[in-house]
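Peer 1: Could you have a look at this structure, given as structure tokens, before my questions?
The values are calculated or read from the model by the stated rules, or taken from the named source; none is laboratory data. Everything numeric here is computed off the predicted structure, so don't read it as measured data. Cβ sites come from the backbone with ideal geometry, for glycine too, and all protein chains shown count toward neighbours.
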Amino acid sequence: MDERKIIIAIDGPAGSGKSTTARCVAQHFKYVYIDTGAMYRAITFAALRFNIYPDNHEKINELLETTSISLKRNETGEQRTFVNEEDVTPHIRSKEVSENVSYFSSVSRIREAMVEIQRKLGQKGGIVMDGRDIGTVVFPNADLKIFLVASLEQRAKRRIAELPAQSIVMSFDEVVENIRQRDLLDSSRDHSPLMKASDAIEIDTSYLTIEEQTEKIIVLAENIIRRKSL
Ligand code: CDP
């Protein structure tokens, strides 16, 4: 294994800046960025389309058997999310998916299927993966584990700022409520809840810019790469 190709796990609650930071860190090291939230959103989108409820285990199993979730890069290097051969990227951040994703992502069978794909994607190293359980469950031996946090207000402000580009209309209160609800469900579920790994480094991004938080992680990763290459 190439010592310069480490695994960087970035976990944290909704809107803590994981995706943007992870993408920038991956760009710096020329690593692959993997957005695991997009995978849970994609399976949620597929389930909603067929009116499948999270507690219908038979239908969920059927859905998982007939659905492949994949992440592909387009010509400009942007990550696109696919359900079978369909590019569902424009749909997975909708209000409906955001309101339902935490229910589907608490289903054990769904988690097992997603984790299997994520481990395959990351097995060769050279990745930055973001999510809720990357440092605790998907890659408990990741070389660098980061846990990003930020105040609820800051996280909601950031999410609101992203919405116009995604043509999503939600009020500030709706965004706050959605984040609060998802944090609660994600942290309290039985199967791989959102939590900080004991060896993760916590960074509060409330008053940091993307550049500042990216730089902190790059410095930490460079130290690890240097040590591994000795
Ligand atoms: O972008 P944001 O932080 O709002 O959410 P996301 O990363 O797109 O994740 C959407 C949802 O997927 C989360 O609220 C979790 O319910 C679920 N998720 C998970 O359970 N485990 C992961 N590794 C990633 C996401």
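Peer 1: Please verify whether region 56-65 includes one or more residues that are out of contact with any helix residue (DSSP H, G or I) (no Cβ under 8 Å at 6 or more places or on another chain), of a type in the set (Asp, Glu) and either under 23 Å from Arg158 (Cβ atoms) or within 14 Å of the ligand (Cβ to nearest atom) (or both).
Peer 2: Within region 56-65, none of the residues are out of contact with any helix residue (DSSP H, G or I) (no Cβ under 8 Å at 6 or more places or on another chain), of a type in the set (Asp, Glu) and either under 23 Å from Arg158 (Cβ atoms) or within 14 Å of the ligand (Cβ to nearest atom) (or both).
Peer 1: Pairs only if they're at least six apart or on different chains, beta carbon under 9 angstrom, first in region 15-34 and within 10 Å of the ligand (Cβ to nearest atom), second part of a loop (DSSP other than H, G, I, E, B) and of a type outside the set (A, V, I, L, M); list them, first residue then second.
Peer 2: From region 15-34, the pairs are Ser16/Thr205; Gly17/Thr205; Lys18/Gly12.
Peer 1: A further question on this structure: Arg182: within 13 Å of the ligand (Cβ to nearest atom) and under 30 Å from Glu222 (Cβ atoms), yes or no?
Peer 2: no
Peer 1: Could you tell me which residue of region 130-179 is nearest to Pro90 (Cα to Cα), considering only residues that are more than 13 Å from the ligand (Cβ to nearest atom) and among the hydroxyl-bearing types (Ser, Thr, Tyr)?
Peer 2: Ranking the candidates gives Ser167 first.
Peer 1: Further, regarding this structure: For region 88-109: of the residues being of a type in the set (A, V, I, L, M) and under 20 Å from Lys72 (Cα atoms), which is nearest to the ligand (Cβ to nearest atom)?
Peer 2: Ile92
Peer 1: Name the residues in region 205-230 that are within 23 Å of Ala142 (Cβ to Cβ) and within 16 Å of the ligand (Cβ to nearest atom), would you?
Peer 2: Thr205, Ile210, Gln213
To keep it simple, each residue is scored yes or no on (1) modelled with pLDDT of 95 or more; (2) under 25 Å from Arg189 (Cβ atoms); (3) out of contact with any Phe, Trp or Tyr (no Cβ under 8 Å at 6 or more places or on another chain).
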| residue | (1), (2), (3) |
| --- | --- |
| Phe45 | yes, yes, yes |
| Glu62 | yes, yes, yes |
| Gln79 | no, no, no |
| Val83 | yes, yes, no |
| Arg93 | no, yes, yes |
| Gln123 | no, no, yes |
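Peer 1: When you go through Lys228, Lys196 one by one, which is the residue that is at pLDDT 95 or above and closer than 23 Å to Tyr33 by Cα?
Peer 2: Sole residue among the options that is at pLDDT 95 or above and closer than 23 Å to Tyr33 by Cα: Lys196.
Peer 1: Now for a separate question. How many residues does region 55-99 contain that are over 16 Å from Ile117 (Cβ atoms), within 20 Å of the chain's Cα centre (by Cα) and surrounded by 13 or more Cβ atoms within 10 Å (Cβ to Cβ)?
Peer 2: 8
Peer 1: State which residue pairs qualify: first residue among the β-branched types (Val, Ile, Thr) and inside region 104-124, second residue outside any helix (DSSP H, G or I) and surrounded by 19 or more Cβ atoms within 10 Å (Cβ to Cβ) in any location, beta carbons under 7 Å apart, and separation of 6 or more residues or different chains.
Peer 2: From residues that are among the β-branched types (Val, Ile, Thr), the pairs are Ile117/Ile69.
Peer 1: Test Glu202 against the stated conditions and say whether it is more than 25 Å from Ile110 (Cα to Cα) and at pLDDT 95 or above.
Peer 2: Spelling it out, Glu202 is indeed more than 25 Å from Ile110 (Cα to Cα) and at pLDDT 95 or above.
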